[in-house]
1. Would you pick out the residues in segment 191-212 that are in contact (Cβ under 8 Å) with a residue 60 or more places away in the chain, crowded, with 18+ Cβ neighbours inside 10 Å and not aromatic (Phe, Trp, Tyr)?
2. Is there any pair with a first residue in segment 141-154 that is within 16 Å of Glu99 (Cα to Cα) and a second that is open to solvent by 60 Å² or more (accessible area, probe 1.4 Å) and among the β-branched types (Val, Ile, Thr) whose Cβ atoms are under 7 Å apart and which are 6 or more apart or on different chains, and what are they?
3. For segment 116-127, how many residues meet the condition of being open to solvent by 70 Å² or more (accessible area, probe 1.4 Å) and not acidic (Asp, Glu)?
4. Could you please give the count of residues in segment 107-145 that are over 13 Å from the mean Cα position of the chain (by Cα) and of a type outside the set (D, E, K, R)?
5. Could you check segment 95-111 and list, in sequence order, the residues that are touching a helix residue (DSSP H, G or I) at 6+ places or on another chain (Cβ under 9 Å) and either crowded, with 24+ Cβ neighbours inside 10 Å or of a type outside the set (Asp, Glu) (or both)?
6. Hey, among Val138, Val145, Val130, which residue is crowded, with 20+ Cβ neighbours inside 10 Å and farther than 30 Å from Thr35 by Cα?
Amino acid sequence: IVATAVHDLRAPLSSIVFGIDVLARPASAFAADRTRDVINDLRTASARMGETIDCLLDFVRLGPPLPSQVSLKQVLARVQSLLRPQLRTGPHELVVAVESDARVVGNLLTIEQIFLNLVVNSLEAAQGPVTVRVSTSVEGKRLRVLVEDDGPGIRSDHQQLVFEPMFTTKDQGVGFGLTSARESARSLGGDLQLVRWSGGTAFAVILPMSQA
């Protein structure tokens, strides 16, 4: 739990550090609308850290949170905001092709963390600018969310290891991102599968779909 919590807090913390660095530059270095974007990103990242800490406290007192209906598009908008620093410095691109009414059943922060881990994994594995695309399809009563990129892919001898705890090919990696994402998806009654590893990488997130 501690390792997962530390991993979950790294993305919003990075966003906060990046935003402070930007705001510390001379006012003439960027436009007013950029300032508003950075401030909004700081608010999102700060709220994300607070929510993560609150969830940890609730877990200690009450156990796992109850599932609810979650808008997938809103989740991905939050992910995009949290990762704006990484997307800008690449320059990388996150393309979301998700219907506005796509809703899944689960805990908001748990679902958000699944996609945050997957997108971060794509960005950090890339050796240059990378495009990450998120799209959906329906499989019975479940939603299949495909997260794919045009990065370097995964070596054949690493394909069976990507979900193993502590396995990482990054110098500063912890090795919990994909492990945590798959465990989270399965805890919601879904799954996380590696479906392409050559010519880019693609993961399929399977989640229970809201029937409302």
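The values are calculated or read from the model by the stated rules, or taken from the named source; none is laboratory data. Keep in mind that this is a model prediction, so the values were computed, not measured. We place every Cβ from the backbone using ideal geometry, glycine too, and count neighbours over all the protein chains shown. Areas reflect the complete protein model, heavy atoms only, side chains present, ligands, DNA and RNA absent. Shrake-Rupley method; radii C 1.70, N 1.55, O 1.52, S 1.80 Å.
1. Initially, segment 191-212 is screened for residues in contact (Cβ under 8 Å) with a residue 60 or more places away in the chain, giving 192, 201, 203-212.
Pick out the ones that are also crowded, with 18+ Cβ neighbours inside 10 Å and you get 192, 201, 203-207, 209-210.
Selection gives Leu192, Thr201, Ala204, Val205, Ile206, Leu207, Met209, Ser210.
2. Qualifying pairs under 7 Å: none.
3. First, the residues of segment 116-127 that are open to solvent by 70 Å² or more (accessible area, probe 1.4 Å): 124, 127.
Now restrict to residues that are not acidic (Asp, Glu): 127.
Total satisfying the criteria: 1.
4. Step one: of segment 107-145, the residues over 13 Å from the mean Cα position of the chain (by Cα) are 107, 125-131, 135-144.
Next, from what is left, pick out any that are of a type outside the set (D, E, K, R): 107, 125-131, 135-138, 140, 143.
Adding up the residues that qualify gives 14.
5. Within segment 95-111, the subset touching a helix residue (DSSP H, G or I) at 6+ places or on another chain (Cβ under 9 Å) is 96, 98-104, 106-111.
Selection gives Val96, Val98, Ser100, Ala102, Arg103, Val104, Gly106, Asn107, Leu108, Leu109, Thr110, Ile111.
6. Val145
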